[in-house]
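Written out below as structure tokens is the structure these notes cover.
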Amino acid sequence: MNKRILTLLALLCAPMALLANNGIRSTIYFKIPGNPAQEIPLTLDDCGRYRAETGAELPVEIQRTTSPIELGYQLEIEIQAKETVYFSFSEELETGINHEEALFYLPGFWYRHNLRSPKEAPSFHTSDSWLFREDRLSTPLTTVFSPTEQKVVAVMRLDNDQYDALTTHNEGEVILSGKTSIGYTGFINRGGKSSIAYGFPYREAPTTYLRKLTLAPPVQAFQKLPAGSSIVLKWHVTERPAVDFADCVAKVWQYSYDTNKPQPLEDTYSVDFMKETLSQFFTQSLVREYPIKYYSGVELTTAMCEHKDLAEVGFVGRTLLNAFNALEYGEEVGNATLVSDAREVIDSYLQHGFGENGLFREVIQFERGREADVLSIRRQSEATYAILSYLNYERHHGRRHPEWEHRVRAILDTFLRIQNKDGSFPRKFRYDLTVVDETNGGTPSAVLPLVMAYKYFGEPKYLKAAKLSGQYLEDELISKSDYFSSTLDANCEDKEASLYVATATYYLALVSKGKERQHYVDLTRNAAYFAASWYYTWDVPFAEGQMLGDLGLKSRGWGNVSVENNHIDVFVFQFADVLRWLSRESDEPRFADLAEVISTSMRQLLPFEGHMCGIGKVGYYPEVVQHTNWDYGRNGKGFYNDIFAPGWTVASLWDLLTPARAERFLEGK
């Protein structure tokens, strides 16, 4: 009998013995308030029990169990306190991958080496080893990819708890004021090999990232574990093949999406109520005391939402797209005021909104007597997209605007003059077309109006230019998995780059047939995985007293912005349409599911009477939603920055709530 028991125990403990020798380094830290933390390296016995390497008795019992999952195992660690402690638990998994060649993917925050980012933001410019708190990431995992071995190793945290706690400090050793469920993850160079680091509660090293381009000293949090209580921590450890970094991102995103299974929110506001409420932004924000009429939606304070003397046609202002939306909606619901206001805005730009070479006056500050003399392909493209949408709508209602058509042709012909031979466009230039910023990250934004102009005017030259840009996107961005600098206020890896690329190739696919169409479908799918990776598959926790948590905000479906700007927002525009279309075209049901999660989740912070969400006026949808330990300068996690730009948030949500616009325009649906 004893022999049978020993045999059974040996069989049960065998996987643990294998695990003990696979290169996992384990450490626990204990902190006595007012004293430096004590670091205790751990060793694992044959049955998964942790011991201090020195043989000293620990004030906790730690037990590891594993269970198989597809392509790996689930790791479960239970820590039970024999006496009250303040603890921090850490592990490192050796991947065997050479650190020099390794590429890293931490969703929504780190791609490859983050070398497009400046040294003032997390990147290899500052260090080749990083630890991050999990709520910085759209999925709490670290991925290491070896291009030589075509191997992917990933560790993902599993935790359904929704706790966070306030701290009095953001650096050094900090004791939490209560319970948190936020751990940490990252990667470390150990003797030239990459290790994946993970643990609980959160740590950040070699620095923490407090606000835009502001690195600060590292932080390590300690959580209280009362005598007799326990905590269970879970991670997935997986290994899979991948032919390149794009394949790595796609497969790990699919796995993380399937594991987290984000569900659409059920009790969100209807499309009709959303539009009715958002339309109050059009009414309240209209400024008509200057020659150019516009919707004031830039540089506002969240508390007051006051008018500013700033008119902006694209990017964060989106005045012309808002005017088209107000016009279309006003006619749909019979609101004559919305219609007349919108026409007043559009007509004023026709009369006063152009500078040299027929280009839009992008940013005007009337009272301050300032006007942008450096233009951008992005703002010009977004304004042209809005006017083409307006012209197409008007033509379908029997109304033509020859002067606007002339203006649009002039703008697009200027586009053809500044397009580079490889199909790219400079990001910024002056009215005389001298280039100020050669960065080509804004190129995909130009594809949209070029394709639309081809369809509207029947001019092949516009499609030819769009396809040339499409070739550039394929050669330089998609094939290299290098999506950066699409936004105008940062130089780094960002969500908008891959999102705009996916939307551009989607537009090209809609006007193509046969093999060419399928080629654009494949390109769109490739870029869409990168864009999707910025959107949260889980709900980050908030502490009591942090407004967003008190409002019950679920972060699933919200997108992180960029490496520089580590907050979430509602930038989606037509990307949900791209996802639904791709789901049909490429048999990827996850894309349609994600579109529904995005569509429902992004409706949560709608300001209306009795539900103002910290915003001063009804319909002014918030912008800088600070969901992690980072701020744009004010307020921090759980709040907004005090300055925001609802001009673009209203426009983005309006596109989201008006499906298949591009398909109706380009395919006549």
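The values are calculated or read from the model by the stated rules, or taken from the named source; none is laboratory data. Everything numeric here is computed off the predicted structure, so don't read it as measured data. Every residue, glycine as well, gets a Cβ built from its backbone with ideal geometry; the counts of neighbours run over all protein chains shown. Keep in mind that these areas ignore ligands, DNA and RNA; they rest on the heavy atoms of the full protein, side chains included. Shrake-Rupley method; radii C 1.70, N 1.55, O 1.52, S 1.80 Å.
Amide H to amide H distances under 5 Å link HIS567 with VAL561, SER562, where only residues 5 or more positions off or on other chains count and H is placed in the peptide plane. Here semi-axes √(5λ) of the Cα gyration tensor in Å was computed from the coordinates, and among [x] 55, 27, 24; [y] 48, 27, 21; [z] 52, 27, 21 the match is [y]. Working note: Cα atoms of the range 565-645, range along each principal axis, descending, whole Å: 43, 29, 17. Volume of the convex hull of the range 89-136 (Cα atoms only), normalised per residue: 95 Å³.
Taking packing as the residue-averaged number of other Cβ atoms within 10 angstrom, the listed peptides 527-537, 78-88, 463-473 run from highest to lowest as 527-537, 463-473, 78-88.
When a/c reaches 1.5 or more, the comparison of a/b and b/c decides; with that in mind, is the range 325-472 rounded, prolate or oblate per its Cα gyration tensor?
On the way: a/c = 2.21, a/b = 1.32, b/c = 1.67.
Cα axes put the range 325-472 in the oblate bin.
Here the chain exposes an accessible surface that is 49 percent carbon and sulfur, computed with a 1.4 Å probe and the other protein chains kept in place. Sequentially through the range 166-182, phi angles give Karplus couplings (6.51, -1.76, 1.60; θ = phi - 60°) of 7, 10, 8, 9, 10, 8, x, 8, 10, 9, 5, 7, x, 8, 10, 10, 8 Hz, Gly and Pro residues having no value and appearing as x.
The amide H of LYS151, built 1.01 Å from its N in the peptide plane, has SER146, ALA242 as neighbours under 5 Å, considering only residues 5 or more places off or on other chains.
How far is the Cα center of the range 69-85 from the Cα center of the range 215-237, in Å? Here the answer is 12 Å between Cα centres.
Taking only protein heavy atoms and a 1.4 Å probe, what accessible area per residue, in Å², does the range 401-519 have with all protein chains in place? Show your work: numbers first, answer last.
On the way: 4390 Å² over 119 residues.
Value for the range 401-519: 37 Å² per residue.
For the set LYS275/LYS455; LYS31/LYS637; LYS421/LYS467; LYS554/LYS637; LYS308/LYS495; LYS261/LYS554, the pairs lying more than 22 angstrom apart at their alpha carbons are LYS275/LYS455; LYS31/LYS637; LYS308/LYS495. Within the shell of other residues whose beta carbon sits under 11 angstrom from the beta carbon of GLU149, the net charge comes to -1, with Lys and Arg scored +1 and Asp and Glu -1.
The trypsin sites (Lys or Arg not before Pro) of the range 318-423 that DSSP puts in a loop, and whose beta carbon has at most 13 other beta carbons within 10 Å, are ARG368, ARG399, ARG400, LYS421. So which GluC sites (Glu not before Pro) in the range 316-374 end up in coil per DSSP with only 12 or fewer other C-beta atoms within 10 Å? Those satisfying the criteria are GLU367.
Between the listed residues ASN566, CYS613, PRO589, the Cα displaced farthest toward the positive end of the dipole of the range 548-638, a dipole computed from Cβ unit charges relative to the Cα centre, is found at CYS613.
For the range 164-295, the fraction of alpha-carbon pairs lying more than 23 Å apart is 64 percent, rounded to a whole number.
Checking every one of the trypsin sites (Lys or Arg not before Pro) in the range 83-140 against DSSP loop status and a limit of 15 other Cβ atoms within 10 Å picks out LYS119.
Charges at C-beta only: +1 for Lys and Arg, -1 for Asp and Glu. How large is the resulting dipole of the chain about its Cα centre, in Debye rounded to 20? Spell out each step's value before the answer.
Details: 69 positive and 88 negative charges, 165 e Å.
Dipole magnitude for the chain comes out near 800 debye.
So if we plug the beta-carbon distance of GLU403 and GLU356 into 1/(1 + (r/R0)^6) with R0 = 25 Å, what FRET efficiency do we get, rounded to 0.05? Display every interim value, and only then the final one.
On the way: r = 18 Å, r/R0 = 0.73.
It comes out at approximately 0.85.
Note on the range 529-669: Cα-only Rg and Dmax are 15.6, 50 Å.
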